[in-house]
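Visitor: Take a look at this one; I'll ask things after.
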Amino acid sequence: MDTKNPMVRRAYSWIDDRFHVTPLVEFMRHKYVPVHRHTVWYYMGGVSLFLFISQVVSGILLVLYYQADEDSAYESVRFLTTKVKFGWLIRGVHSWSANLMVFFVFVHMFSTFFTRAYRKPRELSWVTGFVLLALAMGFGFTGYLLPWNELAFFATKVGTDIAGAVPFIGEPMKIVLRGGEDVTGATLSRFYAIHIAILPAIFTVLLSLHLLFIQRQGMHEPQYLKRLPAEKKQMMAFFPNFLLRDVLLWLIVLNVVLALAVFFPWELGEKADPFAPAPAGIKPEWYFMFMFQSLKMLPAHVLFMEGEVLGILFFGLAGLAWMLVPFWDIKKKSGSKLDVMTGFGVIALLFIVVMTVLGYLL
Amino acid sequence: MNRRGFVSLLLGGGILGWLGAVLYPIISYLNPPKVPEANVQTVKAGSASDFPKNTAQIVKFGRKPVILIKTNNDEFLAFAATCTHLDCIVQYRGDLKQIWCACHNGLYDLKGRNISGPPPKPLDEYAVNIVEDEIHISEMG
Ligand code: FES
């Protein structure tokens, strides 16, 4: 320890005596982050992590007032946003940072893809990252229902009904998700449990693994940088330089979230009524839109299959292939201009963007 | 089989059995018990003469929503209100004289037949009888 303060020194050696943290501190001291023109992408994962922490904090605060019950869920959220001091702010932060988190996870994923950071030895970082994205979407889907408003109620009916179209396991899966044949108060209890207990437990384990892998392996360097001799490479110390930049960015993100929550409060809408016609404008959260729109555009029957079943199978397989990218990765032939993987990435990205836009326009 | 193989088999089998004993109850627990269908044969839906023409109402038929329509010629019609596409609840469009599902723009005619949009099947029809000005909805057949 190079601090002069005797108190700090004493405390440090007390801890070090018992837990041997010196190797850890040494590790931190020798951790460097490469500096190059793609360095900005390194921050995307950190931003997602920060938004996840905001989710946990605001989520725990929401739990204090929320009641997961058909008759009182909507009222409890209204009470929270109108009567509880700063309740509107906490709810706004929770909703906005959730959406931003999914957005940044997507950015993080595509930047990892395009810089080929998933390649050996980081295959498992990619796989855990993909699963974390899937879980984040699960958080979104289950959280959407909790205020028990009309839009969420029908979106959940539609979403779980689509899940029911999966061959063989669809029907039982739908019943288990809904807690019965229909979307009812039982569904609300289940979604609440999934949202605040089951998913957080799984998510925490995977997130820890994901972070551990990154700490063990360090930041990925792009190809051209790897070929440079060591003295030509620019490096930044992780601690404190990179970390301070991270924190600064987090502060900015926090401000953005707060501003959004203040200027664009999240609407509550009408209370769900299982015996009222569905209103126009039922739509899923934006990150499901591309799948939803594609399913809608498929004809009712394709060859011998129902269009929807075909769509679900397609997305299932595409998701699996995407998750396993590091294992079937196609290397660019030396000298050739064509990079197959970049092609795949661009197609996937374009497909998602175009379908999402269509979903909002049509 | 040698001794080592036998012990591995025993251990492996034991672990599998243990996993099964843990997972089976959990999976069964997740599957909600069947709630018996509320045994409703007929529901009353108020006065026939007070029901405005060319409008509709959603009526609770046990746990299911049913759409009750009064046409311009004072005829009453009733259909299951759950869209056959993805479960949304349909509504009557007086301007179109058709049944409309707002979720994905599905349309049914006044016989319950799916005529446009994604719905794959017609809506089930219910029988409507007027008994001394009281509307009675009952299952067909
Ligand atoms: S749910 Fe009725 S048209 Fe899709």
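Visitor: For the stretch A:1-108, give me every one of the helices (runs of 4 or more DSSP H) that falls completely inside it and has 2 or more residues that are open to solvent by less than 90 Å² (accessible area, probe 1.4 Å), in contact (Cβ under 8 Å) with a residue 40 or more places away in the chain and touching a Lys or Arg at 6+ places or on another chain (Cβ under 8 Å).
Guide: It comes to A:73-82.
Visitor: Just for strands (runs of 3 or more DSSP E) wholly inside the stretch B:61-117: which have at least 2 residues that are under 19 Å from the mean Cα position of the chain (by Cα) and of a type in the set (A, V, I, L, M)?
Guide: Per the criteria, B:64-70, B:76-80.
A quick yes/no check of all residues on (1) over 30 Å from residue A:109 (Cβ atoms); (2) polar (S, T, N, Q):
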| residue | (1), (2) |
| --- | --- |
| A:14 | yes, no |
| A:25 | yes, no |
| A:30 | no, no |
| A:39 | no, yes |
| A:55 | no, yes |
| A:76 | yes, yes |
| A:81 | yes, yes |
| A:91 | no, no |
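Visitor: Yes or no: residue A:77 over 21 Å from the mean Cα position of the chain (by Cα) and of a type in the set (A, V, I, L, M, F, W, C)?
Guide: When the stated conditions are applied, residue A:77 passes them.
Visitor: Do any residues in the stretch B:77-95 that are hydroxyl-bearing (Ser, Thr, Tyr) have Cβ atoms under 8 Å from those of residues that are in a loop (DSSP other than H, G, I, E, B) and more than 13 Å from the ligand (Cβ to nearest atom), where the two are at least six apart or on different chains, and which pairs are they?
Guide: none
Visitor: Also, quick follow-up: Filter the stretch A:273-309 down to residues that are more than 15 Å from the ligand (Cβ to nearest atom) and within 11 Å of chain B (Cβ to nearest Cβ), then give me how many there are.
Guide: 3
Visitor: Return the residue satisfying two criteria in turn: it lies in the stretch B:77-122 and is away from chain A (no Cβ under 13 Å) and of a type in the set (A, V, I, L, M), and of such residues it is nearest to residue B:66 (Cα to Cα).
Guide: Checked the stretch B:77-122; the qualifying residue nearest to residue B:66 (Cα to Cα) is B:78.
Visitor: Quick test for you: out of A:140, A:218, A:179, pick the one residue that is at positive phi and away from every other protein chain (no Cβ under 14 Å).
Guide: A:218 is the lone residue from the list that is at positive phi and away from every other protein chain (no Cβ under 14 Å).
Visitor: Restricting to the stretch A:228-272, give me the number of residues that are surrounded by 14 or more Cβ atoms within 10 Å (Cβ to Cβ) and within 14 Å of chain B (Cβ to nearest Cβ).
Guide: 1
Visitor: Which condition breaks for residue A:69 when tested against (1) under 26 Å from the mean Cα position of the chain (by Cα); (2) closer than 30 Å to residue A:188 by Cα?
Guide: All conditions pass for residue A:69, except number (1).
Visitor: Can you pull out the residues in the stretch B:121-141 that are surrounded by 15 or more Cβ atoms within 10 Å (Cβ to Cβ) and either assigned to a loop (DSSP other than H, G, I, E, B) or within 16 Å of the ligand (Cβ to nearest atom) (or both)?
Guide: Within the stretch B:121-141, B:122, B:123, B:124 qualify.
Visitor: Going by the conditions given, is residue B:115 buried (at least 20 other Cβ atoms within 10 Å of the Cβ) and at pLDDT 90 or above?
Guide: Spelling it out, it is not the case that residue B:115 is buried (at least 20 other Cβ atoms within 10 Å of the Cβ) and at pLDDT 90 or above.
Visitor: Here is a follow-up. Return a yes/no flag: does the stretch A:282-289 have any residue that is in a helix (DSSP H, G or I) and more than 30 Å from residue B:85 (Cβ to Cβ).
Guide: No.
Visitor: Which residues, taken from the stretch A:142-186, are open to solvent by less than 30 Å² (accessible area, probe 1.4 Å), in contact with a Lys or Arg (Cβ under 9 Å, 6 or more places away or on another chain) and away from the ligand (no atom under 15 Å from the Cβ)?
Guide: The answer is A:142, A:147, A:148, A:149, A:178, A:179, A:180.
Visitor: OK, next. Which residue is surrounded by the fewest Cβ atoms within 10 Å (Cβ to Cβ), if the candidates are limited to the stretch B:67-90 and must be farther than 14 Å from residue B:111 by Cα and more than 10 Å from the ligand (Cβ to nearest atom)?
Guide: Filtering first and then ranking leaves B:73.
Visitor: If residue B:49 satisfies all but one of (1) within 14 Å of the ligand (Cβ to nearest atom); (2) among the small types (Gly, Ala, Ser); (3) away from chain A (no Cβ under 14 Å), what's the number of the condition it fails?
Guide: For residue B:49, the failing item is (1).
Visitor: Now, a different point. Taking the conditions exactly as written (open to solvent by less than 30 Å² (accessible area, probe 1.4 Å), within 16 Å of the ligand (Cβ to nearest atom) and within 22 Å of residue A:311 (Cα to Cα)), does residue A:138 satisfy them or not?
Guide: Taking the combined requirement at face value, the residue does not satisfy it.
The values are calculated or read from the model by the stated rules, or taken from the named source; none is laboratory data. In this text, all values refer to a predicted model and were calculated from it rather than measured experimentally. Backbone-built Cβ (ideal geometry, glycine too); neighbour counts: all protein chains shown. For accessibility, only protein heavy atoms count, side chains too; no ligands or nucleic acids. Shrake-Rupley method; radii C 1.70, N 1.55, O 1.52, S 1.80 Å.
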